[in-house]
Protein chains: 2
Amino acid sequence: MARKRQNRPRANAAAETGDNAPIYARIRDEFAAKIAAGKLKDGARLPTVRQLAKERSINPMTVARAYRELAERGFIIARAGSGSFVSRPGRAPANGRAPAADDLTLDPGGISSRLFELARAPGVIAFTGNYPSVEMSDAAAFAQCLQDSLSRGAAEYFRYDPPAGREELREALLPFLAQHGITTRADNLMVTSGGQQGMDIVARHLLARGDRVILEQPAYFGAINVVRAAGAVPIPLRFGANGFDLDEVAEAIRKHSPRLIIINPTFQNPTGHSVPLNQRRGLVALAHESGVPILEDDPGPELRFRGVALPPLRALPGGDEVVYYTRGFGKTFIPGVRLGFLLPPRGDLNACLEIKATTDLQSPALLQGALADYLRRTDWLGYLRRLCAGYGARQEKLYAILTGALSSYGHLSLPDGGLNLWLELPGEINAREVYFNAVRRGVAFAVADSFSFRPERPSALRIAFGLTDPKDYEEGASRLAHVLRNVVSPERSLSSAVV
Amino acid sequence: MARKRQNRPRANAAAETGDNAPIYARIRDEFAAKIAAGKLKDGARLPTVRQLAKERSINPMTVARAYRELAERGFIIARAGSGSFVSRPGRAPANGRAPAADDLTLDPGGISSRLFELARAPGVIAFTGNYPSVEMSDAAAFAQCLQDSLSRGAAEYFRYDPPAGREELREALLPFLAQHGITTRADNLMVTSGGQQGMDIVARHLLARGDRVILEQPAYFGAINVVRAAGAVPIPLRFGANGFDLDEVAEAIRKHSPRLIIINPTFQNPTGHSVPLNQRRGLVALAHESGVPILEDDPGPELRFRGVALPPLRALPGGDEVVYYTRGFGKTFIPGVRLGFLLPPRGDLNACLEIKATTDLQSPALLQGALADYLRRTDWLGYLRRLCAGYGARQEKLYAILTGALSSYGHLSLPDGGLNLWLELPGEINAREVYFNAVRRGVAFAVADSFSFRPERPSALRIAFGLTDPKDYEEGASRLAHVLRNVVSPERSLSSAVV
């Protein structure tokens, strides 16, 4: 993303020193010139420090210094132990291996940093946060639970706990899960450091390099990242306003023999769409027939503003045998709390616990104790009613404003819940061009590229309103409309208004 | 470990039902009988649910239920998506693949759960906690910082942060690092969820399946776990009272072309031994010459009771180019806080940050804020002086008692710091036999097997005294001596008192 772009080498950076320069500087400039001239292609591997030192009979430290400065100037990426590679922006693989052919075209690893920066940039109206603001959330009630836990004495919370997490929290989760139609026992659950960790644990448990994974397209970048980090290959499942096509799933299973299906069925990130009940049932049945399990990422099903609640896949008959269910508490209850849980299919918990222990031993006991307290003591159903009333009104207001300002440029959908809207633009429009123009004009959002894992670039914007002040909706919409007006030619804006 | 042993099938569990039993029960019992009789060997793969259902023209759910009950009874391990395997205790691979030939013989993934259980078992004198008790630690000061952070208002801490962690914490870490001779900048550092996560991130960044890693032997089980989870092959480096042999490292590099060296140089877990300065220098030089980087795990170098401080490898000249330095704050300052940091070599931070984002997005902002406050506001140097005085006296007392009670059974070393003692037993003694007898007698510790990754079983006990009440030292030593007396034959105890 932009962060990496700004680090790209200037062509003239290669000529700062002449023949009298120290050896390291001459080596540095020699390689910089080759890279700038395209003689060394993106991704090419440089000789190792030892090889080059031997070849030229110089000290390895000299070569190391040259390579270090090349890395600092953005010409190469140095990976200790695996070598130095000519730098390609947005192409840094998570584990030092070259990415697979149909791997990512963008860098979702960097997108979260970028979104965090934008959300805090002065003068920017940021439609980037898809979680509740601290004022709208139940963070104050949670803070009170923390205060109470601390004043009861710290001895209970300042020690090491088992990887599964505190029993009091796992017990307190049972009524919460029952509200979602999931009945289980505390010893089937494990506490995680947020929903992201649940996804990562399942991916590490099940996936090896080269394995195929059916993944909705577009998908949450955190899901793309866990697939990528495992070295697995995503198989796209088209996901839209009507969910997905079960026949396409069956065909993908036959053709690709995947090891896992990853899906975020309710108020999907980024589109906001939900999977209808018949497709949920069909997907669980397919998982049973084929033996391919499902990772269900369910970050915030409570954020429903209209329509009837849909059961998670895990709550459907047979779901307990094929569904890994994971979620966090940051997207609905307490932003940034970094606590969640994973409910694996029966028999698979111990393997997941071993990975949790390897990852970070345990999640912080104090936060776990406070969350258990929160779930036991507070009226979180009442909180959810207030939250949905507040954000439901915001969603309707923003939708009306954006529809008025932008309807000639694309199609805006109105999901039944969640804190995202999804603006689909005509395919000819480069969403990244819109993005960079918009940031300069003082309005920010996420582009579809960040949620994509195919060379094709869907043209859409995720407009998340969790943190945006409703007073800024009009101005934000007006800035975005201005940018679109300049990017879209008048003919195009008339002929392909809705895609 | 014991947990898994207790789940082993009883041979007669296979015959609970007869010919009139439901189909699932007959299938279950058929396989249980084959496994009990050894007709299906450990590790053998069962037919898939679909295969077997088709073969016998029955419903896949029937087969699935039979397999589930076999898994619940410990006959098989069912891995959703990868199949069902005849169960071998302590052999569950982290990612569903068969372990490499010289992979682990024990199950370090389960050891931490077991140690936690023992530390809390009533009637057991547990020498299992190698971190300070809440009363000895600075948890109270940290709790005060947390209270203050909460009362200043929660808005700051209940939102999502960038993966690198809060800048205020990274800034507050600089004087802390300077105390250890490490000078760097805040933007070279990343916050982690404890030292374990730092190790795991480096392993995920650098290692692929089959890569070789030089790892001290014995080693902290958390280090063994990250190597194992990456599918890498550990190459043992003998580690003892005099550190290690640099020639052995050089030879291992030549012979195995490893991708990484992992070392815990100060008050090593489990032995308590430290690497002398000349070996530290030599290892950094070897890393430079060979291009093989070092992962330095440094959980608690402040816990020094005598002798002069040794610089971390990262602080030595050239260390910043080849050393990934990681540590947590749980082993010295605030038990269970699950915060630490990773300082990668220059140029490698972004790749590590991508993995952090994939793993858990970020560590909890509130805890980070409180730790920053703690490092800025409290007299943590004064705290460390008190901590070392307190635990130094405890170490001397325990050493004197254990030497008196156990010297005829083995060799006890007295490290310069840390909360472990290491009792080496004559090689003929099976440390696990000692362990199981000891737990029955009401005294617990960790056995060398848990810190080992080779088929050979070193015979030694890690006696950690962080949580043990000094009033229990005498009784604990007496119980352990009783067990050793029964396990060691009189001849053996006389002839090989010191090994």
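The values are calculated or read from the model by the stated rules, or taken from the named source; none is laboratory data. Keep in mind it's a predicted model, so treat the numbers as computed, not measured. Neighbour counts run over all protein chains shown; Cβ positions are idealised from the backbone, glycine included.
The table below lists the values:
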| read-out | value |
| --- | --- |
| Of residues in segment A:128-156 being of a type in the set (S, T, N, Q) and not in a helix (DSSP H, G or I), the one farthest from A:Ala444 (Cα to Cα) | A:Ser137 |
| Neighbours by Cβ (under 8 Å, 6+ apart or cross-chain): first from segment B:309-330, over 15 Å from B:Asn264 (Cα atoms); second among the polar types (S, T, N, Q) | B:Asp320/B:Thr184 |
| Residues satisfying the stated conditions in segment B:168-193, i.e. among the polar types (S, T, N, Q) and closer than 16 Å to B:Asp320 by Cβ | B:Thr183, B:Thr184, B:Asn188 |
| Lone unmet requirement of (1) modelled with pLDDT of 95 or more; (2) over 25 Å from A:Ser274 (Cα atoms); (3) polar (S, T, N, Q) for A:Ser408 | (1) |
| Enumeration of residues in segment A:358-396 that are part of a loop (DSSP other than H, G, I, E, B), more than 22 Å from the chain's Cα centre (by Cα) and within 8 Å of another protein chain (Cβ to nearest Cβ) | A:Leu361, A:Gln362, A:Pro364 |
| Matching residues in segment A:411-451 - criterion: being of a type outside the set (A, V, I, L, M, F, W, C), part of a loop (DSSP other than H, G, I, E, B) and buried (at least 24 other Cβ atoms within 10 Å of the Cβ) | A:Pro415, A:Gly418 |
| Unique residue being closer than 30 Å to B:Leu207 by Cβ and within 14 Å of another protein chain (Cβ to nearest Cβ) when the list is A:Gly195, A:Gly300 | A:Gly195 |
| Enumeration of residues in segment B:249-261 that are within 24 Å of the chain's Cα centre (by Cα) and either among the aliphatic types (A, V, I, L, M) or surrounded by fewer than 16 Cβ atoms within 10 Å (Cβ to Cβ) (or both) | B:Val249, B:Ala252, B:Leu260, B:Ile261 |
| Which listed residue, of A:Arg204, A:Arg166, is touching a residue at least 24 places away in the same chain (Cβ under 8 Å), among the basic types (Lys, Arg) and at the interface with chain B (Cβ under 8 Å from one of its Cβ atoms) | A:Arg204 |
| Any chance A:Glu171 is modelled with pLDDT of 95 or more and assigned by TED's automatic domain parsing to the domain that holds A:Asp298 | yes |
| Test for A:Ile224: is it among the aliphatic types (A, V, I, L, M), buried (at least 21 other Cβ atoms within 10 Å of the Cβ) and part of a helix (DSSP H, G or I) | yes |
| Scope segment A:273-297; condition without any contact (Cβ under 8 Å) to a residue 40 or more places away in the chain, of a type in the set (D, E, K, R) and within 30 Å of A:Gly466 (Cα to Cα); matching residues | A:Arg280, A:Glu296 |
| Candidate set: segment A:161-213, residues that are within 24 Å of the chain's Cα centre (by Cα) and basic (Lys, Arg); chosen: the one surrounded by the most Cβ atoms within 10 Å (Cβ to Cβ) | A:Arg204 |
| Output for segment A:58-72, where each listed residue is in a loop (DSSP other than H, G, I, E, B) and within 9 Å of another protein chain (Cβ to nearest Cβ) | none |
